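The values are calculated or read from the model by the stated rules, or taken from the named source; none is laboratory data. All figures in this text were calculated on a predicted structure; none of them were measured in a lab. Positions of Cβ are generated from backbone atoms using ideal geometry, with glycine treated the same way; all protein chains shown enter the neighbour counts.
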Amino acid sequence: MKNTKPKKSEFAYERKNFWKDAPVAEQKAAMDYAVDYKEFLNQAKTEREVAVWMEKLLKKHKFVDMHSKAGAKKVYSIFRGKTMAVAILGTEPLNKGFNMVAAHIDSPRIDLKQNPLYEDSNTKMTCMRTHYYGGIKKYQWVSTPLSLHGVIVKQDGSLLNISIGEKENEPVFVIPDLLPHLAAKEQYSKNLNEAIDASKLNLVFSGMMQPGGEEKEAAKAFVLQALNTAYGITEADFLSAELQLVPATKARDAGIDGSMVVGYGQDDRVCAYTGLTALLANQDTKPEKSMIVYLSDKEEVGSMGATGAQSIFIQDFVADLMAYKGEDNSSSNLRKAFINSHILSADVCAALNPNYPNVHEKENAVLFNYGIGVSKFTGSRGKSGCNDADAEFSAKVLKIFTAAGVFWQTGELGKVDEGGGGTIAYILANLGAQVIDCGVGIMGMHSLYELSSKADIYSTYKGYKAFLAN
Ligand code: MN
Ligand code: MN
């Protein structure tokens, strides 16, 4: 009998699986690419640390601080240590438009409160009060090792960089959860989002006491003495400090095939890393259009403030670039530069999780291993608050990816009316630029152990590289 298995129409669209369809050399390149990426995740866990890490890499590749030297073709600027922009200057004037990849380098975490230290009267231990940053599921952050990062500006004006808990010989910190034996009323009777109240996210900071002392709070006195000895700080120095708790664990390979990466803060450091390395991969070309990588802060809390994407910084950076190239940087010319520009809002997307397929609509969801995820829009309900990239620009971007042999797929953030979210796309689109969201699909986004696929990370890198060079 003849095989009558029905064939799919040659006119139908089907996304391609990287491991099934990519050449062996590409698959190896994807695995190799993730090695340095994991190192980056381990060495730069906060926006300040990312800025420092990136600057070091840029200097290695002979990029110069735009404000330090004239006449360079590869420049960058870091603003307040938390946001930055990097450019390779093209031959064309900037008012004809530039190609930009824009990611964010802040991640959800737990900050210390401004007045954090207290001696707990029941246990006589010293604890720290916290205030979470961004959209976290609080239950994930208890009973897990955390490291303390940040800066303290001492009363003499000097800056103290803090990083405790990353090295093997350093202590880590824990917010202890309640044991299941006693959780019936406190936790199990409540909704998941109410089971752990923000006021219960206090850190156990120290257990020792000032020996033999008569002091009223001998445990807290011990900590203050120890901190003063080690760092020369007093309790008042906390009031102005920025101290952040992040997972102390390292990024690792995941899966028996090692095809995935598990690690904290891949939202959105994966797009920051792929974006910057994509720019570096283009550094020996002589582009017509200037290429820019923009790394913003505060995305997880609304992109506001001086270092968020709503700040004047990125416009100021482009205006400075125009002046640097000797072009007219009047307000009108700067507006033209943005209006004529093409921008990828480089942020992660929600990949379909095998445990929760019901929150997605499969044919419009991003899947692991099918490449860079392109989202025409984000937002909630009836596309509320979205930047809806137009058909012309969407088609252009997909064509660039296809021509460069990039594995890509389209997807939206979950089923309609299931929830939603946003990125910085609309902020840059408000300046008149063509903007579309695209980045790596993540499982367990905003958790301590975000999961990503090396196929998608590599495809994203290749996609950004091709887009910037176009
Ligand atoms: Mn993000
Ligand atoms: Mn996020």
_If Ser332 meets every condition in (1) more than 27 Å from Ile372 (Cα to Cα); (2) assigned to a helix (DSSP H, G or I); (3) within 16 Å of ligand 1 (Cβ to nearest atom) apart from one, which number is that one?_
(3)
_Taking the condition of being small (Gly, Ala, Ser) and assigned to a helix (DSSP H, G or I), how many residues in region 21-47 meet it?_
4
*Here is a list of conditions, (1) within 22 Å of Val270 (Cβ to Cβ); (2) more than 15 Å from ligand 1 (Cβ to nearest atom); (3) of a type in the set (Val, Ile, Thr), and Val416 meets all of them except one; can you say which number that is?*
(1)
_So Gly379, is it within 16 Å of ligand 2 (Cβ to nearest atom) and under 30 Å from Ser77 (Cβ atoms)_ = no
*asked:* I'd like to check something: does region 233-250 contain any residue that is under 30 Å from Asp32 (Cβ atoms), surrounded by fewer than 12 Cβ atoms within 10 Å (Cβ to Cβ) and modelled with pLDDT of 95 or more?
replied: no
*Which residues, counting only those in region 89-126, are within 16 Å of ligand 1 (Cβ to nearest atom), in contact with a Phe, Trp or Tyr (Cβ under 9 Å, 6 or more places away or on another chain) and closer than 22 Å to Ala248 by Cβ?*
Asp106, Ser107, Pro108, Arg109
*Go through region 280-296 and give me each residue that's within 18 Å of His342 (Cβ to Cβ) and over 23 Å from the mean Cα position of the chain (by Cα).*
Thr285, Pro287, Glu288, Lys289, Ser290
*asked:* Only one of Ala319, Ala351, Ala337, Ala346 is of a type outside the set (Phe, Trp, Tyr), surrounded by 15 or more Cβ atoms within 10 Å (Cβ to Cβ), closer than 20 Å to Ala433 by Cβ and in contact with a strand residue (DSSP E or B) (Cβ under 7 Å, 6 or more places away or on another chain). Can you tell me which?
replied: Ala346
*List the strands (runs of 3 or more DSSP E) that sit entirely inside region 252-318 and contain at least 1 residues that are within 16 Å of ligand 1 (Cβ to nearest atom).*
260-263, 291-296
*What are the residues in region 445-459 that are on the phi < 0 side of the Ramachandran plot and either within 13 Å of ligand 1 (Cβ to nearest atom) or out of contact with any strand residue (DSSP E or B) (no Cβ under 6 Å at 6 or more places or on another chain) (or both), if any?*
Met445, Ser447, Glu450, Ser452, Lys454, Ala455, Ile457, Tyr458
*Hey, Asn202 hits all of (1) farther than 13 Å from Thr126 by Cβ; (2) within 27 Å of the chain's Cα centre (by Cα) but one; which does it fall short on?*
(1)
